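Written below as structure tokens is the structure these notes are about.
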Amino acid sequence: MSEERRIEIHVPALARVEGEGALNLVIEDGRIAELKLRIYEPPRLFEKLLEGRGYHEVADLVARICGICPVAYQMSAVQALEAILGLDPGPWVRAMRRVFYCGEWIESHSLHIHLLAAPDFFGCDNVTELAKRYPNEVRRGLRLQALGNDLIRLFGARSVHPVGARVGGFYHAPSMNEVVTLREKLRAALPEALALLQWTASLSLPASEQPFTSVALRHADEYPLNEGRIVSSRGLDIASEEYEQHFVEQQVPHSTALHSLLDGAPYLVGPLARINLNFERLPKEVQAALRATGITWPSANMYHSIVARAAEIYYALGEAVRLLENYSLPAAPYVEATARAGVGVGASEAPRGLLWHRYELDPAGQVVSARIVPPTSQNQARIEADLHAALMSWGFAHSDEVLRARSEQIIRNYDPCISCATHFLDLRVQRR
Amino acid sequence: MKPKIAVHKFSSCDGCQLAFLNAGEQLLTLSELVDIVHFVEAGPVAPDEQVDIAFVEGSITTPHDVERIQRIRSQSHYLITIGACATAGGVQALRNLVDGQQWINAVYASPQYIASLATSTPIAAHVKVDLELWGCPVNTRQVMAAVRALLFGVVPEIRRDSVCMECKREGNVCVLVAKGQPCMGPVTQTGCGALCPHFGRDCYACYGPAENINTPALVNRFAGLGLLPEEIARRFLTINNAAPAFVDAARSVQP
């Protein structure tokens, strides 16, 4: 290996991720000299365009940060704004927001598993190829994805940029008839979600363990969606208001998404981190299904994130059924707010992980400043660390093509949403 | 040989591509009818291939975008913009109304690393667009109807009447008249299904301007509801803030 040629590969796009980015990899004498996840999705400057907007306009605007997880942005935002306005929307809104959010988890996770991640495990380039070989599995996935979308639509009228969420609650409460019809469809899909979980665990997932810090919300008695303290696998346990004292975002030259670090080190957010920190908050049947996979939880293998995603689909279906079980029409689907000044934060669990918002309002209820920390920018440093360790231990005695495919697969484990933070990755490998 | 289709992305939230990716069974049917040669999020990558129909999502916000859209135009027989970003510059075009560079400086500690234009502009500001599909986001029905029509060799028909007309057909209670909400329905293009009024709330114009609209009358009406001039201007300057009819209406109240 002493006479290393310098090899440069340029692959124009890493497909099946959401957003635009690239990976630069320089290999020198069998070692990684440079590894940079370059994110070049152009910035859209949401934090600035929110300034001067009324608090009632924020939910419709922040939805536009991400077409795949608009509900997450709406939920973190309304929570922060309600903290400022001193609003308590009450139990009906609280429960229905969980249902609404379950819809987004089901939709986003099903999309990722089947359209973005699964083709890798079967040597297919995309879902239509996969559908020819595994029509039943793919169609099951598309049905679950559609159910997630139906659930978002129940409260949001449409699944992308839903129009139902507002500060104080919802604009509209679905009718009993609509709720019962959909609830029974969700219930009927529970066996399909369980079968999906078993299917993901049966994939040939590489054994690749790495030490990493998981970060997620944790709630006193439920699996986290909209509420909880921010905890880590290394003992962090803080209120969401204390986030900025522990987590620092910094700009790196190769990315338009800021890198976020916890006490100076990379960390993981998302489905695997959530399960690692909240396993015993899952209902018994989900715990049992996860144990039956033979995987030890918590898991330090990022390839298990696809199983974690499937488990959360199974969980979210059951949770939505449970919360809709005794549905009743509320007197009003929202509580009215009165403008006032203040600062508030909101944290919720987006499909891809912790999503933290902070707003300052003036006395007229207009946004003075906004800060939004999306999951993908939090995972960015961790993705780089993972690639570094995984490629070093896997070795470089592979063709560039194989190396590229492996790197892409590792990146997809994180389901990076480059539009939130980052859309296509082009990989450059240089060997010197 | 099957017609070839490409889906390209510029600055956007990826939400309009979901009109395909959320289409379920219809996505599989589409892949039988056409050859999807380039659609990065779905897998196929061939950005330079000659295609019959190119769908373009997102607005032009970087120097590289300006070059890329020219190339896409030259290799595409029929170019369709999908969504508010590609068709009107998107919500991110709000920077055009202020000093865009100053915003970049405020968000990034080292703005010199950010290759971004100070403006966000629609595709039609750079190349000829054959069909515009409005909406934030566009829905599956809109994109599939366009493909179907083109497969039959006819120009897709786009309704440009207002959300009001759709509300009447749906039998929705008028939120502007009955509740005094500043509904943008009278000046907004139909196509969404009048979702907001159906949910009892005011339309916020995510489908862009309808044809033959009377914005001065709506501005007067909003003033009559007690909205301040800047609040009226903000009603027009949201998702489709760079659409000329909306820009003019906003300027008329807040020069």
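Rule-based calculations on the coordinates, nothing more; no lab input. All figures in this text were calculated on a predicted structure; none of them were measured in a lab. Positions of Cβ are generated from backbone atoms using ideal geometry, with glycine treated the same way; all protein chains shown enter the neighbour counts.
Remarks
- By definition, a body whose alpha carbon gyration tensor gives a ≥ b ≥ c is rounded when a/c is under 1.5, and the protein assembly as shown falls into this rounded group.
- Ranked for footprinting exposure by Cβ neighbours inside 10 Å, fewest first, B:Thr62, A:Thr338 give A:Thr338, B:Thr62.
- Treating r as the C-beta distance of A:Thr296 and B:Glu170 and R0 as 60 Å, the FRET efficiency rounds to 0.65.
- The mean count of C-beta atoms from other chains within 10 Å of the C-beta of residues in B:89-95, rounded to a whole number, is 5.
- Eligible aspartates and glutamates near B:Lys179 by straight Cα distance, threshold 12 Å, same-chain separation 8 or greater: B:Asp202
- Distances between placed amide hydrogens fall under 5 Å for B:Gly15 paired with A:Gly67, all partners being 5 or more residues away or on another chain.
- For the range A:46-380, the gyration tensor built on C-alpha atoms gives an oblate shape. Its axis ratio a/c (a ≥ b ≥ c) is at least 1.5, and a/b is not larger than b/c.
- FRET efficiency for the A:His219 to A:Arg143 pair, using the beta carbon distance and R₀ = 51 Å, is estimated at 0.95.
- Taking a straight line from the alpha carbon of A:Lys132, these lysines sit under 25 Å away, with near neighbours fewer than eight places off in the same chain left out: B:Lys2, B:Lys4.
- For the range A:208-253, trypsin sites (Lys or Arg not before Pro) meeting the loop criterion (DSSP other than H, G, I, E, B) and having at most 15 other Cβ atoms within 10 Å: A:Arg234.
- HN-Hα J in Hz across the range B:243-251 - Karplus 6.51, -1.76, 1.60, θ = phi - 60°, x for Gly and Pro: 5, x, 4, 7, 4, 4, 4, 5, 5
- Cα centre as origin, Lys/Arg/Asp/Glu Cβ charges: the range B:4-151 dipole, Debye: 260 debye
- Sequence-distant residues sharing a close amide H with B:Gly90 (under 5 Å, placed H): B:Cys85, B:Ala242
- Taking other C-beta atoms within 10 Å as the exposure proxy, A:Glu137, A:Glu280 rank A:Glu280, A:Glu137 from fewest upward.
- Point-to-point label distance, A:Ala95-B:Ala217, nm (Cα→Cβ direction, 7 Å offset): 4.6 nm
- Candidate cross-link partners of A:Lys284 among the aspartates and glutamates, defined by an alpha-carbon separation under 19 Å and a same-chain spacing of 8 or more, comprise A:Glu192, A:Asp221, A:Glu222, A:Glu312, A:Glu319, A:Glu325.
- Note that the range A:236-244 has calculated 3J(HN,Hα) couplings of 4, 8, 10, 6, 4, 5, 8, 3, 5 Hz, one per residue in order, obtained from phi through the Karplus relation 6.51 cos²θ - 1.76 cosθ + 1.60 (θ = phi - 60°); glycine and proline are x.
- Test item: Cα-centred dipole of the protein assembly as shown, Lys/Arg +1 and Asp/Glu -1 on Cβ, debye: 820 debye
- Unsatisfied cross-links (Cα-Cα over 26 Å) in the set A:Lys36/B:Lys9; B:Lys9/B:Lys128; A:Lys185/B:Lys168: A:Lys185/B:Lys168
- When the range A:46-380 is described by a simple charge dipole with +1 on each Lys and Arg Cβ and -1 on each Asp and Glu Cβ, the residue from A:Met96, A:Leu182, A:Val231 located farthest towards its positive end is A:Leu182.
- Ranked for footprinting exposure by Cβ neighbours inside 10 Å, fewest first, A:Asp120, B:Asp99 give B:Asp99, A:Asp120.
- Unit charges at the beta carbon, dipole of the range B:77-185: most positive-side option, B:His77, B:Val138, B:Gly171: B:Gly171
- Shown in residue order for the range B:65-70 are the 3J(HN,Hα) couplings computed by the Karplus curve 6.51 cos²θ - 1.76 cosθ + 1.60 at θ = phi - 60°: 4, 4, 6, 5, 5, 4 Hz (x for Gly and Pro).
- Computing FRET efficiency as 1/(1 + (r/R0)^6) for A:Asn136 and B:Asp99, where r is the C-beta to C-beta distance and R0 is 45 Å, gives about 0.20.
- Simple spin-label estimate for A:Val368 and A:Asn177 in nanometres, 7 Å along Cα-Cβ: 4.9 nm
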